[in-house]
Every structure is written in structure tokens, then in C-alpha cells.
Amino acid sequence: MMKMGIVGTGMMLNFHYSAFSQLPNISVHGCTREYYGTKGGQKLQKKSLEKVAEKLGIKAYPNFEEMVNDKELTFLVITSINSHHYDHIIQALKKGKHILVEKPVITDIKQLNEVKELAQAKNLLVFPGHNFVYRPAVRTAKEIIDEGKLGTIVYASFISCFRSGEVHSHGWRASEELASGGALMDSGHHQVYQSLYLLGKPKLIHGFTSNQILNHMEGEDFAMINAYYEDGFIANLGQGHSSDFGDLISGIKIVGEKGNILITDTCYHNGEKISETTDYATSFYHQAKYFVDCLDQQLKPISSLIDVRNSLEIIYAAYKSAKQNKVILL
């Protein structure tokens with residue numbers, strides 16, 4: 001039986017708790033969180049921790065230090081706010097814990113080498129929380145592409161558009177300092193790491209950002225990347241947090257000379273459904289299972305720390321491009 005702890009009490013806790021609770025020989029032992037903002041805000045955060053732990057029937061660690069020093073825990077799932085990820089990762093590795101870290105795993109590219117070197121020295125797993133690549137739809141699409149069934153790729157789009165809720169848009173994500181960006185750095189990570197998994201790294205980036213609806217936020221509520229690849233094809237990577245009517249444009253679409261792929265919660269090849277349907281919540285189960293398989297069978301994550309670096313390079317290049325209105329060479 002492996003015992004795990006979860007850091008963070010937002011909605012990600014519920015997805016990870018549900019996913020790992022379905023696996024044999026895994027015990028979700030407890031949760032904790034970091035505190036930020038005003039004294040009144042921190043008081044509410046502490047109450048939130050106690051309430052969540054009581055609801056789930058797990059231990060409420062009063063702080064991260066107490067959790068990371070608990071020798072009973074085999075691994076941690078880190079779902080804290082972006083600005084705390086680095087410190088949590090380093091402390092966990094120093095204490096001998098394997099970790100699964102929500103995206104963005106880290107927001108400072110320079111810190112990745114330290115994380116990688118420490119994990120290797122300790123022989124510990126740092127597993128990026130890139131849950132979408134563990135969906136059967138995406139893995140099936142990868143097989144189709146690798147088998148050459150689409151022929152030469154001509155165009156692709158990776159787009160998601162939804163309306164960010166009040167809690168999210170008025171919480172820490174509204175702060176540039178805490179979030180390190182807007183929609184692109186947040187949910188846009190899903191589009192970027194999926195594009196890396198399916199198509200590789202682009203050569204040129206031209207980014208655009210806007211803030212029309214959620215303009216109380218310091219970051220963008222919509223971002224679009226035009227990406228040019230070494231093989232000559234073009235892709236759009238987009239993320240919006242500003243509309244409830246984004247189903248029209250959302251999804252992954254890849255067009256080749258011999259066929260096409262459409263990915264929603266399932267995968268279609270030339271109009272034929274070829275994978276099982278997996279909703280958002282179930283993607284966390286597939287990810288959790290693969291994480292445990294990595295520990296048991298010494299597998300490597302499908303999306304690695306290299307993909308974390310490449311994702312950040314693409315996102316920061318897009319921000320730079322939008323600010324300077326020029327194409328950026330990666």
C-alpha cells in the first residue's frame with residue numbers, strides 16, 4: 001500500500017483524489033495547502049483545508065512542511081498555485097518523495113535544470129501533470145500519425161475556449177505575479193503540450209493576446225499562436241477563457257494529404273470513431289494509473305520535463321511575440 005498526500009485544496013484536488021482512489025494499493029492519506037494574501041483570506045484558506053479534509057475523510061496537515069516530513073508518504077501530488085510549485089518540488093525531492101505536479105510544472109525555465117538534476121541524484125520521479133496526453137483519444141491519434149496514415153501534415157489546430165468561472169477569474173489566476181501569465185500559461189498549457197506530443201516542436205512562433213471580457217485580470221483572457229514547423233506545415237494553438245460558446249472552435253484538428261483527425265473526448269479518423277470516449281475527469285484516472293505504473297515498472301512519463309521546457313519556451317515566445325509584434329525563432 002502506497003500512501004500519498006495532495007498539496008492544494010482547489011478543484012484539482014477533487015480530480016486527483018477521485019482518480020487515485022480508484023487504484024488498488026493506493027491510499028490518499030492527507031492534504032495541505034499554502035497560504036497567501038490578507039490575514040482574513042488566509043483564515044478562510046485554513047478553514048477550506050479543514051473542510052475539504054473532513055469531507056474526504058483524510059488527514060489535514062497544517063502546512064506543507066509537516067506533510068513533506070511525513071515518512072509514511074511515498075509520493076505527493078502538487079496542485080498548489082503556480083508561484084509555489086518550485087519550492088514544493090525542491091522540498092519534496094530533498095525529502096525523498098516522488099511527485100506528480102500540476103501544469104505548469106514550473107514557470108521559470110532556469111529552475112528546470114535544478115529540478116532535473118536533483119530528481120536524478122535522488123532517483124525520484126517528477127511526473128508532469130499533462131493529463132490530456134494520457135487520454136486514449138490522443139494516444140490513438142499519435143499512433144495514426146506515426147504510422148503515416150495522414151501522409152504529409154498540412155495544417156493543425158489545438159484550441160479550447162470556455163468561460164472561466166468567478167472563483168478562477170477573481171482568484172490567484174488574476175494576478176500576473178502568482179500566475180505568470182493569463183489563459184495561455186494556464187489552460188493553454190494543455191494545447192501546447194498536446195501539440196508537442198503529436199507534432200513536435202515548431203520552428204517559428206507568432207503570438208497574439210487579448211483581454212476583452214475578463215479585463216479585471218492582469219493576464220490575457222484569449223491567446224492565439226501561429227506556429228510554423230520545420231516540415232513546412234502551420235498550426236494554430238489557442239486558448240480562451242472568455243466565452244461559454246467555444247464548442248464551435250474547440251478541439252484538435254489535424255489535416256494531412258491522405259486524411260484527417262478530429263479529437264474531442266474521443267478520436268475520429270476520416271470521420272470514423274477509433275477510440276474510447278474519455279471525459280475530462282476520466283483523463284485524471286488514466287494519468288494516475290500511468291504514474292503508478294511508472295513507480296512500479298520504472299516507465300517514463302509520456303510527457304516529460306523536456307516537454308515542460310519546450311512548452312514554456314513556446315508560451316514565453318508567444319508572449320514576447322505579442323508584445324513586440326514580431327515572429328520569434330525558437
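The values are calculated or read from the model by the stated rules, or taken from the named source; none is laboratory data. In this text the structure is predicted, and so the values were computed from the model without any measurement. Ideal geometry is used to build each Cβ from the backbone, glycine not excepted, and the neighbour counts take in all protein chains shown. When the accessible area is computed, the model is the full protein with side chains, heavy atoms only, and any ligands, DNA or RNA have been set aside. Shrake-Rupley method; radii C 1.70, N 1.55, O 1.52, S 1.80 Å.
Structural remarks
- Enumeration of residues in region 201-233 that are open to solvent by less than 60 Å² (accessible area, probe 1.4 Å), in a loop (DSSP other than H, G, I, E, B) and under 15 Å from Tyr155 (Cβ atoms): Pro202, Tyr229, Gly232, Phe233
- Test result for Glu166, over 27 Å from Leu330 (Cβ atoms) and open to solvent by 30 Å² or more (accessible area, probe 1.4 Å): yes
- Residue count for region 19-38, restricted to those that are assigned to a helix (DSSP H, G or I) and more than 22 Å from His85 (Cα to Cα): 1
- Looking across region 265-289, the residues that are open to solvent by 40 Å² or more (accessible area, probe 1.4 Å) and outside any loop (DSSP other than H, G, I, E, B) come down to Tyr268, Glu272, Lys273, Tyr280, Ala281, Thr282, Tyr285, His286, Lys289.
- Number of residues in region 80-111 that are aliphatic (A, V, I, L, M), open to solvent by 10 Å² or more (accessible area, probe 1.4 Å) and over 30 Å from Thr278 (Cα atoms) equals 2.
- Residue in region 15-30 that is open to solvent by 40 Å² or more (accessible area, probe 1.4 Å), within 24 Å of Ala174 (Cβ to Cβ) and at pLDDT 95 or above present: yes
- Unique residue being touching a residue at least 40 places away in the same chain (Cβ under 8 Å) and within 20 Å of Leu13 (Cα to Cα) when the list is Pro136, Pro128: Pro128
- All conditions but one from (1) open to solvent by 60 Å² or more (accessible area, probe 1.4 Å); (2) out of contact with any strand residue (DSSP E or B) (no Cβ under 9 Å at 6 or more places or on another chain); (3) under 25 Å from Pro128 (Cβ atoms); (4) modelled with pLDDT of 95 or more apply to Lys253; the one that does not is (2).
- Considering only residues in region 112-140 that are open to solvent by 40 Å² or more (accessible area, probe 1.4 Å) and among the basic types (Lys, Arg), the one that is farthest from the chain's Cα centre (by Cα) turns out to be Lys122.
- Count - residues of region 1-14 that are of a type in the set (Gly, Ala, Ser) and either in a loop (DSSP other than H, G, I, E, B) or surrounded by fewer than 19 Cβ atoms within 10 Å (Cβ to Cβ) (or both): 2
- Verdict on Ile205 being of a type outside the set (D, E, K, R), over 19 Å from the mean Cα position of the chain (by Cα) and within 24 Å of Ile306 (Cβ to Cβ): yes
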